[in-house]
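Worksheet: the structure to be examined is printed underneath.
The values are calculated or read from the model by the stated rules, or taken from the named source; none is laboratory data. All values reported here derive from a predicted model rather than from experimental measurement. Please note: Cβ atoms are built from the backbone with ideal geometry, for glycine as well, and neighbour counts cover all protein chains shown. Please note that ligands, DNA and RNA were not included when accessible areas were found on the heavy atoms of the full protein model with its side chains. Shrake-Rupley method; radii C 1.70, N 1.55, O 1.52, S 1.80 Å.
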Amino acid sequence: MNLSLDFPDFSRDLAVARKPSLEAVVAGFQSLHRDPDSPIRAIHHQPASEGTFAAVPEAVDARLRTALQRRGIARLYCHQAEAFEHIAAGKHVVVVTPTASGKTLCYNLPVLNRLLADESTRAMYLFPTKALAEDQLHELQTAVEEMGSAIRAFTYDGDTPQDARKAIRQRANVVLTNPDMLHSGILPHHTRWARYFENLRYIVIDELHYYRGVYGSHLANLLRRLDRVCRFYGSEPQFLCCSATIANPRELAEALTGRPFELVERNGAPRGEKFFVFYNPPVVNRQLGIRRSYIHESRRMALEFIERDLQTLVFANNRLATEVLVTYLKDACERGRAAPETVRGYRGGYLPRERREIEQRLRAGQIRAVVATNALELGIDIGSLDAVVMAGYPGTIASSWQRAGRAGRRQSASAAVLVASSAPLDQYIVEHPDYFFGRSPEHAFINPDNLEILMAHLKCAAFELPLSDGETFGAHEIGEICRFLEETGFLHHSAGAWHWTSDTYPADATSLRSVTSDNFVVVDITGEAEVIAEVSFPTALTTLHEKAIYLHEARQYHVERFDYDQRKAYVKRVDCDYYTDAIDYTQVKVLREFEGESLGGARRAHGDVRVNRQIVGFKKIKFYTMENVGAGKLSMPEQEMHTTSFWLHFPAAFLARFQEFTPTERQSGIMGLGNALRTVAALLLMCDPRDLGVALSEQEEGLAAFEPNLYLYDSYSGGVGQSAPLYRFAPRLLAQTAGLLAACRCAAGCPSCVGPTGEIGERGKEVASRILAELTGATAGGL
């Protein structure tokens, strides 16, 4: 095996017989892993295992039983049988088992069984993507055809033709849709769905772990609205949920729906042998912590499988990386033995017909490799692949296992390779394999009571049905909010209820992916003016300021004018060798502390805060070398936001323990500590690091000594439930951050740990490590 690495000692170890098999590739990884400085940081072997089975329940209709037997299913896995029993007893159920363990049958079996007994029954299936809904429709229709039943199932989303929608509303037993369509296309028009809602018996929520943070907070409010409409039509549906492995699936299901759940987590499915490899590209500049390009290394890994005729799926974390890898692999195949047309890309921008064709050719074995974004991460049936290569850590352990599970879905042997980037999160995971392969430590959190999200959905609810006096929305009395909405011209109180009076359509003004729908449009004025993108308000301030270089579809645009009032940015195409990075100035002030306690001489707390943020300048960063090649000043409007935060307070007596450092070094070290804490916090909370802001308080007037607060605040107005868990997890957060710094091989700081030395100083990493040693020494008993 030859990975063509520019490191002779590694390449010699990989020179094993090139037999066309998975074993040859794995053997090469294993020989390389013997070197302690090897880029192979871990090889996790998951042996094949037998399944645990249970008889098909007696309550299953004979027609459905026969259809199962035709598909070779004479028995159920134990978790499928357990879920059926709970559902038959009328309980809400959440199933948590690995990828390719037959979760779909956990909800299809009871739903189809009920439909065979009562054809008036209706069910709603909610999927996070249209592609997954289409795939599950095919699965459902196959089962219906084998039973010879008249059960009717249809997808209902933005791609559904207008002339088909009326027939679906009137005739469908099962509607497969997504939260966005439920929000804007179904609930506001519920009177057209009257018969459907009167008979709605089941609501299936697949990929439950997907609904966390802002998206999950929106879904919880969307389900509150769905519950109001169901009660209006006299139905009380049962929730059937499926999730990838996370630490708190029942808690998440109950927070989303407001109902108690039975948890099914004992997996009965057999599994094939799997090898999971962690690959960390070699360091090429130890001082700056720069590693070889993870995109190039992912290409090398993928070619090892492709050249052995092993069907391979490569995951990239964004559209640009996807297209770059497709280009690299096609070029390599053209020079090698494989045909370039057997390598394809797959992402959200492709037409539905094109995506279906790629899926079908993958199942048929006509395509050897596909490079995809997370569009193929979820349970779409693409057959049994041999290998998965992940170009960068997907952001959560649950997503990593889902991607790895795309290979070997039919109990065949498979391999998965995670190629780490230089990002701190990637580096933590790849250097701490025991953390990754242990029991899932990830918790999914939501905050459905975020005031902005709650108010947006309350408007939608009032549009759908009048809000009665004394009515609650979730756990909240809504009278005060309704009076506010009356003052602003949205509602009018009459006959004991609040009625929608505005001529606007509130669902159109609410995006389920953000707290506010106040977006900027990007207008390309290179030639004839055209809108090329829409950017969220917070992102626009940092990426669309005047003189910024805006990146779109691998093209560079110079921002000519930033119209703050009209929410527009005007750009022109340019060809330059740098991009821009905004410099912001942030102040945080505590408004109310909820909890607080001492922590090794320091103090931890969480509560409400006010964040004042202003973009004051920008840096010009050269592509590839990441050199700072210039800067500029800006005068942007200051933004004020009320949100929630977790913080550490460092009294003067605590900082006096670090007399060997100057005050400036201590301050820089604390800021570096904040950067590292944000990385690990994102890991624990299953969120993007950008969902958390970091700020250090300044010297307060009247205090002789510097006693700073280090804030990790929620980047969304009102907060989405991330600060209280960080307060609870503080001992684990600090211990794992200490582990991140200890494992990083840089000398004094780099982008993979506390930040580059140019930003946090030559002793920033040392200061951060010393502070963590003091704090974790005090909390070691609670870890």
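Go through Gly216, Gly739, Ala55 and say which Cα lies farthest out towards the positive end of the charge dipole of the chain; charges sit on Cβ, +1 for Lys and Arg, -1 for Asp and Glu.
Checked the options; the winner is Ala55.
Quick one: which residues, 5 or more positions from Gln556 or on another chain, have an amide H under 5 Å from its amide H? H modelled 1.01 Å from N in the peptide plane, none for Pro or chain starts.
Here Val574 satisfy the definition.
Go through 395-407, 560-572 and give me the packing order, highest mean Cβ count within 10 Å leading.
395-407, 560-572
Taking amide H positions as placed 1.01 Å from N in the peptide plane, with prolines and chain starts having none, which residues 5 or more places from Val371, or on another chain, fall under 5 Å of its amide H?
Val314, Arg344, Gly345, Tyr346
In whole percent, how big is the carbon plus sulfur part of the accessible area of the chain, probe 1.4 Å, protein atoms only?
Its accessible area is 47 percent carbon and sulfur atoms.
For the residue pair Thr526 and Arg513, what label-to-label distance in nm results when each label sits 7 Å from Cα along the Cα-to-beta-carbon direction?
Between Thr526 and Arg513, the simple spin-label model gives 2.3 nm.
Under a point spin-label approximation (7 Å from Cα along Cα-to-Cβ), what is the Glu146-Glu774 distance to one decimal in nm?
Output for this residue pair reads 6.5 nm.
Starting from 0.36 nm per residue, how many nanometres of slack lie between Thr662 and Glu534 once their C-alpha separation is accounted for?
41.5 nm
Given R₀ = 41 Å, what would the calculated FRET efficiency be for Arg483 paired with Ser293, taking r from the Cβ atoms and rounding to 0.05?
0.10
Could you pull out every one of the lysines with an alpha carbon less than 16 Å from that of Lys572, ignoring same-chain neighbours closer than 8 positions?
Within reach: Lys547.
Taking +1 at the Cβ of each Lys and Arg and -1 at the Cβ of each Asp and Glu, which of Leu126, Gly617, Ala582 sits farthest along the dipole of the chain towards its positive end, judged by Cα position relative to the Cα centre?
Result: Leu126.
If I measure Cβ to Cβ between cysteines in the chain, which ones have no partner under 4.7 Å?
Cys78, Cys106, Cys230, Cys241, Cys242, Cys333, Cys460, Cys482, Cys576, Cys687
Taking θ = phi - 60°, what integer Hz values does the Karplus form 6.51 cos²θ - 1.76 cosθ + 1.60 yield along segment 175-182, in sequence order, with x for Gly and Pro?
10, 9, 9, 10, x, 5, 6, 4
Which whole-Hz couplings ³J(HN,Hα) result when phi for each residue of segment 528-534 is put into the Karplus expression 6.51 cos²θ - 1.76 cosθ + 1.60, θ = phi - 60°, listed in order with x for Gly and Pro?
Whole-Hz 3J(HN,Hα) from phi for segment 528-534: 6, 4, 8, 7, 10, 6, 10.
Modelling each spin label as a point 7 Å along the Cα-to-Cβ direction, I'd like the His45/Glu58 distance in nm, to one decimal.
4.6 nm
What does the charge dipole of segment 592-719 about its Cα centre add up to, to the nearest 20 debye, if the Cβ of each Lys and Arg holds +1 and the Cβ of each Asp and Glu holds -1?
Its charge dipole is roughly 480 debye.
How much area per residue is accessible in the chain when the probe is 1.4 Å and only protein heavy atoms are counted (Å²)?
The answer is 41 Å² per residue.
Count the DSSP beta bridges whose two residues both fall in the chain, then state the antiparallel fraction as a percent rounded to the nearest 5.
60 percent
For segment 153-159, in order, what is each residue's ³J(HN,Hα) by Karplus, 6.51 cos²θ - 1.76 cosθ + 1.60 with θ = phi - 60°, in whole Hz (x at glycine and Pro)?
10, 9, 7, 9, 8, x, 8
To the nearest 20 Debye, how big is the dipole of the chain about its Cα centre, given +1 on the beta carbon of each Lys and Arg and -1 on that of each Asp and Glu?
About 1920 debye.
Taking R0 as 25 Å, what FRET efficiency do you get between His552 and Glu341 from their Cβ-Cβ distance, rounded to the nearest 0.05?
According to the calculation, E is roughly 0.35.
Counting only complete DSSP H runs, which helices of the chain cover 30 Å or more along their long axis at the Cα atoms and score a mean Kyte-Doolittle of -1.0 or above?
Those that clear 30 Å and a mean of -1.0 are 663-685.
Rounded, prolate or oblate, given the Cα gyration tensor of segment 664-783, with a/c below 1.5 counting as rounded?
The shape class here is rounded.
What is the gain in length, in nm to one decimal, between Ala194 and Ala74 on full extension, counting 0.36 nm per residue of separation less the C-alpha to C-alpha distance?
39.3 nm
What is the packing order of peptides 609-621, 731-743, taking the mean over residues of other C-beta atoms within 10 Å and listing the highest first?
Highest mean packing first, the order is 731-743, 609-621.
Based on the mean of other Cβ atoms within 10 Å per residue, sort peptides 339-346, 574-581 so the most packed one is first.
Highest to lowest by the protection proxy: 339-346, 574-581.
So what's the back-of-envelope 222 nm ellipticity for the chain, counting only DSSP H runs of four-plus at -39500 (n - 2.57) apiece and dividing by all residues, rounded to 500?
It lands at -10500 deg cm²/dmol.
To the nearest 20 Debye, how big is the dipole of segment 86-138 about its Cα centre, given +1 on the beta carbon of each Lys and Arg and -1 on that of each Asp and Glu?
180 debye
Over what distance in Å are the Cα centres of segment 240-277 and segment 715-783 separated?
Comparing the Cα centres of segment 240-277 and segment 715-783, I get a distance of 30 Å.
Considering amide H positions built from the backbone, and no H for Pro or chain starts, which residues 5 or more places from Val417, or on another chain, come under 5 Å of its amide H?
Here Val277, Val388, Val389, Met390 satisfy the definition.
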